1. Give me the net charge of VAL76's neighbourhood, meaning all other residues with Cβ under 9 Å from the Cβ of VAL76; Lys, Arg count +1, Asp, Glu -1.
2. Any aspartates and glutamates with Cα under 12 Å of the LYS14 Cα? List them, leaving off those in the same chain fewer than 8 positions away.
3. Using θ = phi - 60° and the Karplus relation 6.51 cos²θ - 1.76 cosθ + 1.60, list the HN-Hα couplings for segment 34-39 in order, rounded to whole Hz, with x at every Gly or Pro.
4. What nm distance separates the two modelled labels at ALA47 and ASN73, each placed 7 Å from Cα along Cα→Cβ?
Amino acid sequence: MVGIKKGGGEMRMKNFMEDVIIEVFQEIKGTNPDFCSCDKCSRDVIAIALSKIKGRYAASPEGEIFARVEQSNRQVRADALLAVMEALDTVSASPRHDRES
């Protein structure tokens, strides 16, 4: 969630695709036997997957409700699944740490 101070108040925004990507990642991370599931590799997968898809931001309670409903949309979840699978392959092929860590 991002908070921005403006004119005495604070406006909060959240990319609800973060929740979808993390949820999908948790569901499928064990499907790639080459994937190291350490924190660094997991964060890399999530960051790469998020950069591949369109963000869906909400800045109001109404927008939050709409974004939460959209999270269950089949196409949104399919896009997230594809992004996570590609990110898993990318990180598995080139992890940014020693395998022993």
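1. On the way: positive: ARG56, ARG74, ARG77; negative: GLU70, ASP79.
Taking every other residue near VAL76 into account, the sum is +1.
2. Within reach: GLU64.
3. In residue order, the calculated couplings are 8, 7, 8, 9, 5, 4 Hz.
4. About 2.8 nm separates the two model spin labels.
Any read-out appearing in this document is the output of simple, stated calculations on the displayed coordinates, not a laboratory observation. All values derive from a computational prediction rather than experimental measurement. With ideal geometry, Cβ positions are generated from the backbone for all residues, glycine too; neighbour counts draw on all protein chains shown.
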